[in-house]
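Just so it is clear, none of the values below were taken in a lab; they were calculated from the coordinates. Computed from a predicted structure; not experimentally measured. Neighbour counts run over all protein chains shown; Cβ positions are idealised from the backbone, glycine included.
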Amino acid sequence: MKVLLTTDRYYPYVSGVITSVMNLAKELEKQGHDVKILTLSETKSTYVSGNIIYVGSFDAGKIYPDVRLKHVIKRKVINDIIDWKPDIIHSNCEFSTFFLAKIIARSCKIPMVHTYHTDYEDYVHYVAMTKEMGMHIVKRYIHYVSSYMQRLICPTQKTAAILSKYNITVPMDIIPTGLDLERFEAELPINRRAEIITKYGLNPTLPVLLFIGRIGKEKNIEEILGLLEKNPRKDYQFLIVGDGPNKAELENKVANSSLKGRVTFTGMVPQAEIADYYKLGKIFISASQSETQGLTYIEALSSGVPLICKKDDCLTNVILQGYNGFQYETAQDFDKYLNYLLDLSQKEYAKLSAFAKENAHKTFSSTVFCDKVLTCYDAAIKKPIANRFFKDFYYHISKAFPFV
């Protein structure tokens, strides 16, 4: 099968969406499928590298940090993909590459499926004057994108519930994103551990509480800092790995609090080194409510690091309460679970860690994920594609121009 995957950002940029697309592409190719990836380049230039088509783009950070939008490009770029004759398009973003995917799907008369990776309700403050206005925009736009799809993939029941709330009627498949978990299996070499500890001035005798991810308001790191500040314990250090628009504000908050000296911000870390940072952690903590699945949670568990996360529907079947971590609802819950995990004996912690790793590898492997996605593709291909001339007006107009 020829599969075109589309996404607005790709490696070396780091995000859960990119991780999902990379792992799916790798597994599809492993199973003998022909895969191409259509994405935006980090510059104005359009070029092809292997099976990846990079479309020239520009920075649209004033709309939302790190967002890029496509430049006008020569139609030949799209025609080359059309000539390749993909069997299906799997869209992973709702903006620039989605519009290109529509043109290709219409021209090739092939189905599209779409994975909803992002709960935009948690991001409306970036683009709308009021939450009500933002929610209305989100609902209308999600309806628009979904109307072009034969099937939708939801990483969790939480995502499916959100789409159902919007009265989306396109068939949905709940498929947890699979990860290439092999790189999280190996132990962290002693010299590499010492290198990271020295680099950031960490205390080698204190346990590390860990957060890895984008540092934006929607991740709610401020709540974690507030909970830790109120907790009387000081026998830990908190390592925040990643970058984002809220980093400077949080650094300032820490510098003017009792947490000063116990919280370290690493900034952006190369994707190839992320597995090493998970293995530094004793507990992964998060208060984010914006996740559709939370791939960093799965990566932490596959590294044998238990979780303490704010209760959220996306954690169903991810956190097994008391066995691989805890969901908290109140500050009292957070303190209780933090104290429990920090006070576990080495033997008890090793047992919990081993279960976390084993369950993650059994439940969230990329092979299981790929098999379920292929079943979704088969169902989409069998569904008749409606003729919608007026809905695809953009496609008909674009054919007359040498640029898109």
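Observations, loosely collected:
- Candidates Ile142, Ile319, Ile196: whichever shows maximal mean-square fluctuation once the chain is modelled as a Gaussian network with Cα springs under 10 Å: Ile196
- Two-site FRET efficiency, Asn317 against Leu344, from Cβ-Cβ distance with R₀ of 30 Å, rounded to 0.05: 0.80
- Gain in span if fully extended, Ala248 to Ile190, counting 0.36 nm per residue against the direct Cα distance: 17.7 nm
- Highest-MSF residue in the chain out of Gly178, Gly61, Gly304 [GNM, Cα springs under 10 Å]: Gly61
- For a straight C-alpha distance cut-off of 19 angstrom, the aspartates and glutamates reachable from Lys310 (same-chain residues fewer than eight places away being disregarded) are Asp119, Glu121, Asp122, Glu218, Glu222, Glu223, Glu229, Glu291, Glu299, Glu329, Asp333, Asp335.
- Taking the number of Cβ atoms within 10 Å of each Cβ as an exposure proxy, the fewest-first ranking of Ser288, Ser345, Ser302, Ser353 is Ser345, Ser353, Ser288, Ser302.
- Kirkwood Rh and Cα Rg combined as Rg/Rh, the chain: 0.98
- The calculated FRET efficiency for the pair Phe403 and Thr266, based on their C-beta separation and a Förster distance of 41 Å, comes to about 0.45.
- Label-point separation in nm, Lys44 to Lys2, each point 7 Å along Cα→Cβ: 3.2 nm
- 3J(HN,Hα) along the stretch 89-102, derived from phi through the Karplus expression 6.51 cos²θ - 1.76 cosθ + 1.60 where θ = phi - 60°, amounts to 10, 10, 8, 10, 9, 9, 10, 3, 6, 4, 5, 5, 4, 4 Hz, with x in place of Gly and Pro.
- Between Ala331 and Leu202, the contour length at 0.36 nm per residue exceeds the alpha carbon distance by 43.8 nm.
- Relative to its residue count, the stretch 182-363 spans a Cα convex hull of 111 Å³ per residue.
- Spin-label zone in the stretch 156-197 - amide nitrogen under 13 Å from a point set 7 Å from the Cα of His33 along the C-beta vector: 178
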